[in-house]
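Quick notes on the structure that follows.
What follows is calculated from the coordinates using simple rules that are stated; it is not laboratory data. Because the structure is predicted, anything quoted here is derived from the model rather than measured. Reconstructed Cβ throughout: ideal geometry from the backbone, glycine too, with neighbour counts over all protein chains shown.
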There are 6 protein chains.
Amino acid sequence: MYEIGVVYRNIARTDSKIAGELGAFGSATVHEAMGRVGLMKPTLRPIYPGAQVSGNAVTVLLQPGDNWMLHVAAEQIRPGDVVVAAVTSDCTDGFFGELLATSFKARGARALVIEGGCRDVRALTELRFPVWSRAISARGTVKATLGSVNIPVVCGGALVHPGDVIVADDDGVVCVPRGRAAPTLAAASKRQSNEDEKRAKLAAGVLGLDMYGMREPLAAAGLRYIDE
Amino acid sequence: MYEIGVVYRNIARTDSKIAGELGAFGSATVHEAMGRVGLMKPTLRPIYPGAQVSGNAVTVLLQPGDNWMLHVAAEQIRPGDVVVAAVTSDCTDGFFGELLATSFKARGARALVIEGGCRDVRALTELRFPVWSRAISARGTVKATLGSVNIPVVCGGALVHPGDVIVADDDGVVCVPRGRAAPTLAAASKRQSNEDEKRAKLAAGVLGLDMYGMREPLAAAGLRYIDE
Amino acid sequence: MYEIGVVYRNIARTDSKIAGELGAFGSATVHEAMGRVGLMKPTLRPIYPGAQVSGNAVTVLLQPGDNWMLHVAAEQIRPGDVVVAAVTSDCTDGFFGELLATSFKARGARALVIEGGCRDVRALTELRFPVWSRAISARGTVKATLGSVNIPVVCGGALVHPGDVIVADDDGVVCVPRGRAAPTLAAASKRQSNEDEKRAKLAAGVLGLDMYGMREPLAAAGLRYIDE
Amino acid sequence: MYEIGVVYRNIARTDSKIAGELGAFGSATVHEAMGRVGLMKPTLRPIYPGAQVSGNAVTVLLQPGDNWMLHVAAEQIRPGDVVVAAVTSDCTDGFFGELLATSFKARGARALVIEGGCRDVRALTELRFPVWSRAISARGTVKATLGSVNIPVVCGGALVHPGDVIVADDDGVVCVPRGRAAPTLAAASKRQSNEDEKRAKLAAGVLGLDMYGMREPLAAAGLRYIDE
Amino acid sequence: MYEIGVVYRNIARTDSKIAGELGAFGSATVHEAMGRVGLMKPTLRPIYPGAQVSGNAVTVLLQPGDNWMLHVAAEQIRPGDVVVAAVTSDCTDGFFGELLATSFKARGARALVIEGGCRDVRALTELRFPVWSRAISARGTVKATLGSVNIPVVCGGALVHPGDVIVADDDGVVCVPRGRAAPTLAAASKRQSNEDEKRAKLAAGVLGLDMYGMREPLAAAGLRYIDE
Amino acid sequence: MYEIGVVYRNIARTDSKIAGELGAFGSATVHEAMGRVGLMKPTLRPIYPGAQVSGNAVTVLLQPGDNWMLHVAAEQIRPGDVVVAAVTSDCTDGFFGELLATSFKARGARALVIEGGCRDVRALTELRFPVWSRAISARGTVKATLGSVNIPVVCGGALVHPGDVIVADDDGVVCVPRGRAAPTLAAASKRQSNEDEKRAKLAAGVLGLDMYGMREPLAAAGLRYIDE
């Protein structure tokens, strides 16, 4: 499936304004706006709470215990990008730490999403360079085997093409394909305004049962109320 | 085992003063006071540190990927309740987020304990509405299949009846059956006062070996000391 | 493999100055300085972020659901020690809580590393007594079966002898054998100064590809660049 | 929740004819006939393939690493019973092996379901004494702490009362409450005869789409067919 | 990422002769011949040992706890196909059992690969209809929410397009993209003949160290031999 | 902790007669005879049922995704040895397959125990070369980074020195240190003869409660019998 030993340069990216606006909605709203697809597995967790980012995906395919291609990827980063790193087999090693974060940040990257481990989390937290990873591990890696940069990768169970929009926050990481970024933004926007209204009603004590008109379908499905 | 498609209303609850006082002791002390039973599995974790709550259980049985019954449960909440949600098969989806939390809070709920996933954790943290869950996931759910409300449920490996007292904090979640709430409170209270005394001694450098009189039983069990 | 029912007293310890200086480098640097060995599995996590400690290992072998030997270990603690507790079979129970932490702290211990569970995490956080554990659980333990103190133990997959140096922080826990503490310190120190230089270059936008001279070996390995 | 240190004798059992007939349907059919509830988690697996049993539950509550109460339970076994053992915290130790199996078999037990570990699996396979367990482990247990026999227990996430019917096979373990055994048998029987008919049709090439009349609801739900 | 609610008909398939010949090499050889990519995660396991199949992928996207789309997929099966089913979120329910297997077999399917659970494993074993799944569970599913058929899916971490070749055996499941089937077959064939030769030498006692010429590179890497 | 890049030759081994006799007792009995220590974690499972082996440990330390040192180890094997392979970080790749098994077998090895993955399991089953591993995976490995041979390693949480006796069967893998092999054999032998007697009594219907004299200590611990 994967092409090994290649680096695609000058990839097409999603309009950065759209990418930025998608990020403001957060992963849950974007995931709904996508039709509830595109979410990475919840085993990918942020290394510190409160980060919320979005950007164009620069993708990397790593070999287990080997972070060589992250150095190759650094050169392909443009301001506003989010690096997405898959690994060819499960590995919790700390592929990424303070030095690479310094380099990625200098290149303009906003975050890393990696289906492996990460280290130097205190330094990364101080740098405010967020990472979503499967593990935290002090164990470093070698630089011996080729992978690829900017090929389509599967990360956290989601397919990511270079130039797709990545939206990541405390709830997880979602990937919006480049071709669906604009309609997803429109759908997210519509969804959000609905939510503001609903929130106000619910805060005032209105029940979702009434607000969503659920009583009839629940009765039709056979729900019975019993007084104790 | 479970009755599907029913909502029990007007359930008997534990005296709210007892429920509140149990909460002040925390899950570890209450668990000991219960005779070391009633604890949910440690895979249920709080979404933010520092929350400590107690209250009467309103129970919910959910189907995987479906949060319909949480809306039904909202109507059954009374001030001071803690909602406890079991799922009929393992599922990490985000069954609960900001909108439901707004509604639950408006109804007077203090917390949610759910053997599934939760989302909008940043908003929930700002709302100070604590959730103990198995996972955090941006993935939302459908509203298609009935479960039940206020039937006995197994959540996190513990059996919870509606009206039982739930005590939850950073150490986990414990369920105190309604009929044992008063004696458990008495036992917790006694245990606590013992602990204050012990803490002072240990802080002063007294060894547990001496304070608990362990040297003799250890020797009887055959413990040998060897100088290197 | 393990000797059961013994306590070794007056164990040889690593020079405390060396132990302290190793801690300042953190687990990732020390692990690299060791030749990338000696790290415990990443399933051992700190109960609160930001702690960074080092010290001489006092080792404990526990039986599942039984913390008797932690009381025995307390007497063997000297100021600056880190207690390392293995368990003879996987168990997430809360072997350690506020009372033991008070005692350990009074004896001069700096931290606990345990391949089991821990409880009272809010109190431990307030005490600033850090614990690296596999789980957090309110469930307490009995005191019925002997283990040992200050025998070599396997904790988190790493072999730890009493008097080895333990370095623990947000990235994990590494064990430096007593006989390798001094050369590891030298290697870590050298590595660190290199890192400072590299960090400055990378922050200035220099690529690792150039700084590490990777372009040639990558080409030799067959890496191809393709313009889209 | 659990009462510790008690043994209930002379428990009420389900009619053995009903229990036996339920077993013949297997866990999947019985689970459906129950309304898709009562199934234990799929982490409980048989130690060898092909066993299919049913019987009245004799329940046991064990402490981690301690099999004392299995010896107490042996005396309460009557011919045709299935022993169901819960543990107060997660433990993979081998609580049960050849000697206990010999005793259980001599008392007439048909199987063991245990939320812990099991050992001597080769001998148990030769004895044809099936066990559904969470793990296989050579590690034995102590006999030091009381649990209970014939109290309601939560095993594999399912609530089991003594005298409930347990149905176990390669697909898992389901618990049928005593009071629902007869109607569940009727429902299973009806379901089974339907299945025979369906199987014949499907084997002849009829599609489920047509047999179940799914084409219309699928179209109503919006399913679109696209020719490539 | 995924398109929901669509069924692609008349998908392009890989030449059945090539698909069949790839299967004869087994997953390990094919994976190597692909350049060590395309393998599904090892959490997908066969329900019985010894099955070895290959065929064209018919892909299915399922919703958790819902097997509606497997019925839709049945109609798209042609003789020699292997059905590959992804699920939009982790779910161990038994999506597939004897009735569907009867239907799939009648349509000519050779196997199912599913990132969910499977049931009726004894019947499937007797039918010799192999399934690679993440779990075995008696729990059935509902038919309420649309997914899709014959869209590209991520299953077990591997991207599968309809018409790709699936090779599955006791070692796991590998996906060969349609466009790479012929060159992969050639590479596998070459690799295999090399292996026969090597096997004979190794069986005669020749060391891999000598046969592969490893002694020099090992020495160059610094390997030292020490006599005890 | 680990010395990297070394091969110890001519290691001391345990008397092969003792090693063989230990194997006949099986892992559970040997583990008990050791004082219930030395067992590897139950996550190491045999690739086929029914194998029972013992032999002297030849140890290997591997790097993740790299099986180079298994080739180095082959040369150090003597008839009757069992190879024990640890990995420096968690990795499920298939480090070992048919070719290496052919070589190991030609050298006289009886089995492999590996804290990683294994492949070609059908061929290994036909060869009757048993492997205890953490995973089965078709994914092969590279040969790029040094480890070591015949240094002490931690495998499955147990410390193994070269020349220790490994006993492995369906219940798991236990390591008997060379210096304790003779007394462990004596203890196992004594334990076994006791077991034969006990088995006969239990088969005749005698209860463990009576045979082990448990009724009095149970009553002393407070066990109460209640007639329903």
May I ask for the angle, rounded to the nearest 10°, between helix D:98-107 and the longest principal axis of chain D, with both axes built from Cα atoms and the value confined to 0 to 90°?
-> 80
Spin-label point model (7 Å from Cα, Cβ direction): what's the C:Glu197 to B:Glu197 distance in nm?
-> 6.4
Would you pull out the residues with amide H under 5 Å of F:Gly38's amide H, same chain only if 5 or more places away, H placed 1.01 Å from N?
-> C:Tyr2
In peptide C:84-93, how many Cβ atoms from other protein chains are near each Cβ within 10 Å, on average?
-> 6
Magnitude of the Cβ-charge dipole of the protein assembly as shown, K/R +1 and D/E -1, about the Cα centre, nearest 20 debye?
-> 0
Nearest 10, in degrees from 0 to 90: the angle of helix E:16-33 to the longest Cα principal axis of chain E is 50
Given a Förster distance of 41 angstrom, what is the FRET efficiency for E:Ala186 paired with D:Met211, based on the Cβ-Cβ distance and rounded to 0.05?
-> 0.40
How much of the DSSP beta bridge set in region F:1-153 is antiparallel, as a percent to the nearest 5?
-> 20
Dividing the alpha-carbon radius of gyration of chain B by 2.2 N^0.38 Å, where N counts its residues, gives 1.16
In a Gaussian network model of chain E with springs linking alpha carbons closer than 10 Å, the residue among E:Ser89, E:Ser137, E:Ser148 that fluctuates most is E:Ser89
Pairwise label distance in nanometres, D:Ala219 with B:Leu127, each label 7 Å out on the Cα-Cβ vector = 4.2
Name the shape class, rounded, prolate or oblate, that the alpha-carbon gyration tensor gives for region C:1-121, where a ≥ b ≥ c are the square roots of its eigenvalues, rounded holds for a/c under 1.5, and otherwise prolate holds if a/b is larger than b/c and oblate otherwise.
-> rounded
Amide H neighbours of E:Asp93 at under 5 Å, excluding residues fewer than 5 places away on the same chain, with H built from the backbone geometry, are E:Gly65, E:Gly117
Over the Cα atoms of the protein assembly as shown, what is the Rg over Rh ratio if Rh follows Kirkwood?
-> 0.94
With the dipole of chain D worked out from charges on the C-beta (+1 for Lys and Arg, -1 for Asp and Glu) around the Cα centre, which of D:Ala86, D:Gly26, D:Gly50 lies farthest toward the positive end?
-> D:Ala86
For the rotation that superimposes chain D on chain F, which residue of D has the C-beta lying nearest to the axis, and at what distance in Å?
-> D:Pro49, 6
May I have the convex hull volume per residue, in Å³, for the Cα set of region F:108-228?
-> 256
What is the packing order of peptides D:48-55, A:209-216, B:81-88, D:36-43, taking the mean over residues of other C-beta atoms within 10 Å and listing the highest first?
-> B:81-88, D:36-43, D:48-55, A:209-216
In terms of Cα to Cα distance under 18 Å, which aspartates and glutamates are near enough to E:Lys201, apart from those fewer than 8 places away along the same chain?
-> E:Asp210, F:Glu75, F:Glu98
Shortest first and in nm to one decimal, what separations exist between A:Gly213 and its copies in the other chains, measuring from label points 7 Å along the Cα-to-beta-carbon line?
-> 2.6, 7.3, 7.3, 7.7, 7.8
What are the label-to-label distances in nm, one decimal and shortest first, from B:Asn194 to the same spot in the other copies, with labels 7 Å along Cα to Cβ?
-> 3.4, 5.7, 5.7, 5.7, 7.0
Could you give me the ³J(HN,Hα) list for region E:160-174, computed from phi with Karplus coefficients 6.51, -1.76, 1.60 and θ = phi - 60°, whole Hz, x at Gly and Pro?
-> 10, 9, x, x, 5, 8, 9, 10, 9, 7, 4, 8, x, 10, 10
Over chain D, what is the relative contact order in whole percent, taking alpha-carbon pairs under 8 Å and six or more residues apart?
-> 29
Beta bridges per DSSP with both ends in the protein assembly as shown, % antiparallel, nearest 5 | 45
Per-residue average of Cβ from other chains inside 10 Å of A:68-75 | 5
Please give the average number of partner chain Cβ atoms lying within 10 Å of the Cβ of each residue in A:24-30, rounded to a whole number.
-> 4
Treating only Lys and Arg (+1) and Asp and Glu (-1) as charged, each at its beta carbon, one finds that region D:125-228 has a dipole about its Cα centre, in Debye to the nearest 20, of 520
What residues qualify as long-range amide H neighbours of B:Ala111, i.e. H under 5 Å apart, gap of 5 or more or another chain, H built at 1.01 Å from N?
-> B:Val83
What is the percent of Cα-Cα separations in region B:104-166 that go past 20 Å?
-> 37
Output the pairs from A:Lys190/B:Lys105; B:Lys41/D:Lys41; A:Lys143/F:Lys143; D:Lys17/D:Lys41; D:Lys198/E:Lys105 with a Cα-Cα distance over 21 Å in this structure; if there are none, say none.
-> A:Lys190/B:Lys105; D:Lys17/D:Lys41
Return the percentage of antiparallel bridges among DSSP beta bridges fully within region B:1-87, rounded to the nearest 5 %.
-> 10
Position A:Leu127, label points 7 Å along Cα→Cβ, spacing to each other copy in nm (shortest first, one decimal) = 3.5, 3.5, 4.5, 5.4, 5.9
To the nearest 20 debye, what is the magnitude of the charge dipole of chain E about its Cα centre, counting +1 on the Cβ of each Lys and Arg and -1 on the Cβ of each Asp and Glu?
-> 440
For region F:139-194: relative contact order, % (alpha-carbon pairs under 8 angstrom, 6 or more apart) | 19
Relative contact order for region B:1-102, counting Cα pairs under 8 Å that sit 6 or more residues apart, in percent = 25
Here region B:193-204 yields Karplus 3J(HN,Hα) values (6.51, -1.76, 1.60; θ = phi - 60°; whole Hz; Gly and Pro given as x) of 5, 4, 5, 4, 4, 4, 4, 5, 5, 5, 5, 7
Just add up the charged neighbours of F:Thr14: K/R +1, D/E -1, any other residue whose Cβ is under 14 Å from the Cβ of F:Thr14.
-> +2
